[in-house]
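Have a look at the structure below, then the notes.
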C-alpha cells in the first residue's frame with residue numbers, strides 16, 4: 001500500500017509529518033480555547049446576573 | 001440581492017447564531033476534502049519524471065502558500081471594513097485569521113525548504129519569492145504580537161489594521177514576485193489557466209481537492225476563532241463594567 005518514495009522518502013515523509021503536526025496543533029489549540037472562553041463567559045454572565 | 005443585508009452579520013449575536021448552522025458543515029467539508037485529497041495525492045499519483053517522488057510535496061506546499069497569501073488578503077478586507085464601518089466582528093475576524101495564516105506560511109516555508117534541498121541543493125536562497133514569504137511570516141508575527149500588546153480592543157484594532165495595510169504589499173509581492181523579477185531559484189506558478197503551463201491532470205485533480213480542503217479548513221477555523229474572539233471581547237466588557245460598578 002505504501003508507495004515507493006525512493007531516495008526522496010525522507011523529504012516527502014518529513015513534509016507530511018510537519019504539516020499534519022502543525023495543522024493538528026492549530027486545531028487542538030483553537031478548539032481548546034473556544035471551549036475555555038465559552039465556559040468562562042457563562043460563568044461571568046451568571047455572576048453578573050446574580051449581582052443584579 | 002440586497003447587499004446592505006450583509007451588514008446584519010456584523011452584529012455579534014447574529015454572527016454566532018448564523019455560524020452555529022454553518023460551522024459543522026465547513027468542518028465536515030474540510031475533513032473530507034483534506035483527508036481525501038492528501039490520500040489521493042500521496043498514495044495514488046505517479047512520480048514526476050524530473051522531481052521523482054518529491055512532487056507529492058506539491059499537495060502541501062501549493063495549498064498552504066495559497067492560503068498564506070489569501071488569509072492576509074481576507075485580513076486586509078476585514079481590516080478595511082473595521083476602519084471604514086467600525087464593525088467589531090470584522091476586526092475580530094482579522095485577529096482570528098492571523099494565527100491560521102501564520103501556520104499556513106510556516107507550512108509553505110518548511111515544505112518549500114524540504115523540497116528545495118534535494119531539487120536545488122539548498123534549503124534556502126534569498127530568492128524574491130522566498131524572501132517575501134519570510135517577510136510575510138514576520139508580518140504575521142508582528143500583527144499577532146500587536147493585538148496581544150494593546151489592552152484596549154479598539155486601539156488594537158486600529159493599529160493592527162494599519163499594520164495589515166502595510167503588510168499587504170508583501171502578501172502581493174509573495175504572490176507576484178516570480179513575475180516581477182526573472183531571477184532566483186523559485187520556478188513560475190505551478191497553476192495556470194493555460195493548459196500547456198498548468199501541471200499535468202494526474203497531479204492537478206488531487207491538488208484541486210487539497211486546495212479545496214485547505215480553503216474549507218481555513219473557513220472553519222476562522223469562523224470558530226472569530227466566535228471565540230467575540231465571546232472573549234464580551235467577557236472583557238462585562239468584567240470591566242463590573243469593576244467600574246464595584
Going by average Cβ neighbours within 10 Å, how do the peptides B:94-101, B:146-153, A:16-23, B:230-237 rank, with the highest at the top? B:94-101, B:230-237, A:16-23, B:146-153
Going by alpha carbons, how many degrees (0 to 90, nearest 10) lie between the helix axis of A:9-50 and the longest principal axis of chain A? 0 degrees
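Just subtract the alpha-carbon distance of residue B:162 and residue B:4 from 0.36 nm times their residue separation and send over the number in nm, one decimal. Present the calculation step by step, with values, prior to reporting the outcome.
Working: separation 158, 0.36 × 158 = 56.88 nm, distance 2.54 nm.
Answer, rounded to one decimal: 54.3 nm.
Please pull out the direction-averaged projected area of chain B, using the convex hull of its alpha-carbon atoms, in nm² to one decimal place. Could the numbers behind the result be given before it?
Working: hull surface 62.9 nm².
Directional mean of the projected Cα hull area for chain B stands at 15.7 nm².
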Spin-label point model (7 Å from Cα, Cβ direction): what's the residue A:14 to residue B:83 distance in nm? 4.1 nm
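When you count, for each residue, the other Cβ atoms within 10 Å and take the mean per peptide, how do B:62-71, B:46-55 rank with the highest first?
Details: B:62-71: 23.6, B:46-55: 15.9.
Ranking the peptides B:62-71, B:46-55 by packing returns B:62-71, B:46-55.
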Global size of the protein assembly as shown as Cα Rg and Dmax, reported in angstrom: 21.2, 73
Looking only at other chains, what is the average number of their beta-carbon atoms within 10 angstrom of each beta-carbon in B:228-234? 5
Give me the one-decimal nm value for the distance between modelled label points at residue B:117 and residue A:43, 7 Å along each residue's Cα-to-Cβ direction. 4.5 nm
Can you give me the Kirkwood hydrodynamic radius for the range B:3-137, using every pair of distinct Cα atoms, in Å to one decimal? 17.4 Å
When the helices in chain B are scored as -39500 (n - 2.57) per DSSP H run of 4 or longer and the sum is shared across all residues, what 222 nm value do you end up with, to the nearest 500 deg cm²/dmol? -27500 deg cm²/dmol
Stokes-Einstein D (µm²/s) once Rh is taken as the Kirkwood radius of chain A over alpha-carbon pairs, at 37 °C in 0.692 mPa s: 225 µm²/s
At 222 nm, what helix-only mean residue ellipticity would chain A give, in deg cm²/dmol to the nearest 500, using -39500 (n - 2.57) for each DSSP H run of four or more? -30000 deg cm²/dmol
Inside 10 Å of the C-beta atoms of B:97-104, what's the mean count of C-beta atoms belonging to other chains? 2
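Values quoted throughout were computed directly from the atomic coordinates according to the rules given, and no laboratory measurement underlies them. Computed from a prediction, not measured in an experiment: that's the story for all the values here. Neighbour counts run over all protein chains shown; Cβ positions are idealised from the backbone, glycine included.
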